[in-house]
Each structure stands twice: as structure tokens, then as C-alpha cells.
Amino acid sequence: MRQFCSSTVILVLSIFLVSDAVAKNPPWQVKHQQLQSVRDNIFSELEEIHSVLSLRAQDIDPALKQRLSMESVDPRVSGYGLLPVIEDNEPFGAVTPRQTVYSLERLEARFHEELENTETLSVQIVQNPDLESLVSRFENLLEELRHLENHLSYQEQWQRSVAEYPEYFRGRNKLIAQIREIEQLSNGGGSDERRAGLRDQLIQDVVSFKPTPGVTLLSHENGERVLPVTVCTDIEDSGFLQVFEQGVDEAFNQSVAARERRFSVRLNWHFMAAETLYPEGTPADGARIDADVHRALFGNCRMILTTGASSTYARVGDRVVLGTDPLSRRTLAHEFAHLLGFSDTYLRGFDGEQGDPYGVVLIEWSGLTDDLMSNPDGGKVSATMVETLLTAY
């Protein structure tokens, strides 16, 4: 098996390869391109390791070969027509305020650690006779690389968004500054009254809802209230659409808050074939598309669900654009809630400047409210959310 050069050498080569782009692209984008190159090298090496282990397992232990064939080592790509992997919902849990930091510099260190570990396995695969141990290490490396891929997509989406929507993010940074002041007061024994006032103001500033035009609540004689919602989509995979519906049903209709108020959402699909949107020729699967131009092709549709993002995102009352990063059914319901008019009640801001060598450091605060909009993975549709929908529609 061929051997890889060190991660340091690869980084130097990557710098030379992208040197012409430095003047054209912001520093974070140049660094992002370098890490994509490192990612591709890791995948190439894992593919060779996968091939060697599969051949050995075929002769020694077919059960191990089955484990190896459970997941492809092909790099995950995003683009038009490509759908996310659906993961199981996380268990519900107590929602408390929590900060998460996403740094491209830290991500670079993790990528090079992954590369070194892959190179080590590449050498040991020849020396180590313990096949099960080798397979387990390969599985761990592949799982870690999937996590790194998700972080790489996240960085691409939000570093670019910070540059495109500076006013929005400056506003979010002001709210993060409020959280940090609340934290300082808590840690330093500050005034309870001041802390409570800042928190009340923070929640008031964070919680936002804007009704989507064209949506009307239906009240039935038996006391049930149903919110019919029509979403236009060009997604042909009926199985995926069923999973999306399931996520909405579980999060909204099966919630304690909705059952107590005899409330439910009825999701209807209006399918628009890609051939209709693009009569002169549809984009190839995985093609890069302009999201705003693509959205305009849906005409008068109030809400759309489509594909083509590097990382899944939503525009309130307008669209959900899917990437290929793994999502749970509950997270799909969170994105659907944006179509209904709910904004995120977690905060995403940044430290640093766009011109820094690694771009900005992305900061997320979640758990500010105890509901689905603050915690897409573990939050519930709350009584406040249900009452908001009943009042608005």
C-alpha cells in the first residue's frame, strides 16, 4: 500500500496549490479549500484500507466483512437533488443554556490528527494480525471523518453567511454580549435583579414569530383545530417526504401541548418536477445552484422544500434548503417550524473578523428557551408555540 507524506507536507503543498486564490478569496475560504484537499487524501487512504481489510476478512471472517460493507467510504458531497442522511432522534432532555464554539483553526488540527491516525493504520494494517482490532479502528476513523465533514460544511455555510449578512450578525453579537454579561453576573455574584432583567430582555429579543401569509386554521365542530399547510417541493423521493411528514407529526401532533389543545398540523405536498422548473434542462444531481434563482422558479408557492445547500438552512416563512449533513426527524420538524413563522431561539454569532487567517470563530448559544426552536435535537413543541399558532392563524 502506498504511504502518505506527513500532514505538514500536505499542508505546505496545499498552500502552494491555492496560492493564486489568496488574493481573490477570503482567508477562511483558502483554508477551507486546503482542508478539503486533506479530507480527500484521507478518504483515498481509507478507501485503500477498506479494500485490503475486505479482502482479508473475506478469507478469515465474513462477519467482519459485512461490518466493513455497511458504509461507503466515498466522500459526502452536497448539491442539487442530494438528500441528507436521516438519523434517530435524540432522547428528550432538560434544556439548559449552553455555548458551542466552532473554530476553523481547531478543525484544521482535528483533520491533521485524523490524517496522522489514518497513516498509522495504513502502516499497521500490514504488521498487525488482529483483524477485528483493525476493522474497529477503521470504523472509528470513518465515523470521525463523517463528523469532520459535517463541521467543514457548517463552516462553509456560516462563514459565508457572516460575510453576506453583516447587519444581521452584528445584531446577534449584541445578544451574545448580553448572555456573557448574564454569565459574568452569575459567576461574580452580581445583582439578581439586574441578571433577571437582562434575561427577560434577552428572551424578548430572541423569540420571534412572523405569520406566513396564506395559512388559515380550520376549526371543527368537535373542537379540533387543524392547520393545513401546503409545501411545494421538487424532491422526487417519496420515502424521504414520508420521513419529513413523520417528523412533523411526531414533533407537533403528538406533543402534549398540541393534544391538550386538540390541535394538529396537516402537511400537504405540491410536487413540482425539476423538468417543470427547468424546461431547458434540469441540473445534474450534485450540481451547484444559485439558491435565490432556484427559489424564484417556484413562482407563487408560499413555502418550499428543496435541495442544494452545503448545509441545511431555512428562511422563515419561505423555504427549507437541504444539505447532505445528517439530520434527525425532529430537526426536520424544527426546519418546518421556520416555514410556519418561527425563528430560531438559539443564537449564532461570531468572535473575530472575516479577514483573520481562519475567518471568524462561530459561536452558538442554545437552550435559551425550553422548546424545539432553541434545541432542534432535544427540544419539544411547547405550549407557547401551540398558542402562538392558534392565535396567529
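A few remarks follow.
- Failed item in (1) more than 30 Å from Asp351 (Cβ to Cβ); (2) outside the structural domain of Asp40 (by TED's automatic domain parsing); (3) of a type in the set (Asp, Glu), with Glu132 passing the rest: (2)
- Subset of segment 68-114 [touching a Phe, Trp or Tyr at 6+ places or on another chain (Cβ under 9 Å), part of a loop (DSSP other than H, G, I, E, B) and among the charged types (D, E, K, R)]: Asp74
- Among residues of segment 92-110 that are within 19 Å of Val38 (Cα to Cα), those with a Cβ under 6 angstrom from a residue that is in a loop (DSSP other than H, G, I, E, B), sequence gap 6+ or separate chain, pair up as Leu104/Tyr358; Leu104/Gly359; Glu105/Tyr358.
- So Tyr313, is it modelled with pLDDT of 95 or more and either of a type in the set (Phe, Trp, Tyr) or touching a Phe, Trp or Tyr at 6+ places or on another chain (Cβ under 9 Å) (or both): no
- Looking across segment 336-382, the residues that are hydroxyl-bearing (Ser, Thr, Tyr) and either in a loop (DSSP other than H, G, I, E, B) or not assigned by TED's automatic domain parsing to the domain that holds Val243 (or both) come down to Ser343, Thr345, Tyr346, Tyr358, Thr369, Ser374, Ser382.
- Residue satisfying condition, being crowded, with 19+ Cβ neighbours inside 10 Å and in contact (Cβ under 8 Å) with a residue 40 or more places away in the chain, within set Leu390, Leu372: Leu372
- The number of residues in segment 271-290 being among the aliphatic types (A, V, I, L, M) and either in a strand (DSSP E or B) or closer than 20 Å to Met373 by Cα (or both) comes to 0.
- Residue-level check: of (1) among the hydroxyl-bearing types (Ser, Thr, Tyr); (2) modelled with pLDDT of 95 or more; (3) closer than 30 Å to Ile176 by Cβ, Tyr80 misses just (3).
Every residue, every condition in (1) at pLDDT below 90; (2) touching a Ser or Thr at 6+ places or on another chain (Cβ under 6 Å); (3) of a type in the set (D, E, K, R); (4) farther than 22 Å from Arg106 by Cβ, yes or no:
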| position | (1), (2), (3), (4) |
| --- | --- |
| Gln34 | no, yes, no, no |
| Ser44 | no, no, no, yes |
| Arg56 | yes, no, yes, yes |
| Pro75 | yes, no, no, no |
| Pro84 | no, yes, no, yes |
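- Among (1) under 19 Å from Asp234 (Cβ atoms); (2) out of contact with any helix residue (DSSP H, G or I) (no Cβ under 9 Å at 6 or more places or on another chain), the one test that Gly352 misses: (1)
- The set of residues in segment 180-226 being in contact with a Pro (Cβ under 8 Å, 6 or more places away or on another chain) and either of a type outside the set (A, V, I, L, M, F, W, C) or at pLDDT below 90 (or both) consists of Thr216 alone.
- Listed by position, the helices (runs of 4 or more DSSP H) contained in segment 177-270 that have at least 2 residues being aromatic (Phe, Trp, Tyr) are 238-248.
The values are calculated or read from the model by the stated rules, or taken from the named source; none is laboratory data. Keep in mind the model is a prediction, meaning the values are calculated, not measured. Cβ: placed from backbone, ideal geometry, glycine included. Neighbour counts: every protein chain shown.
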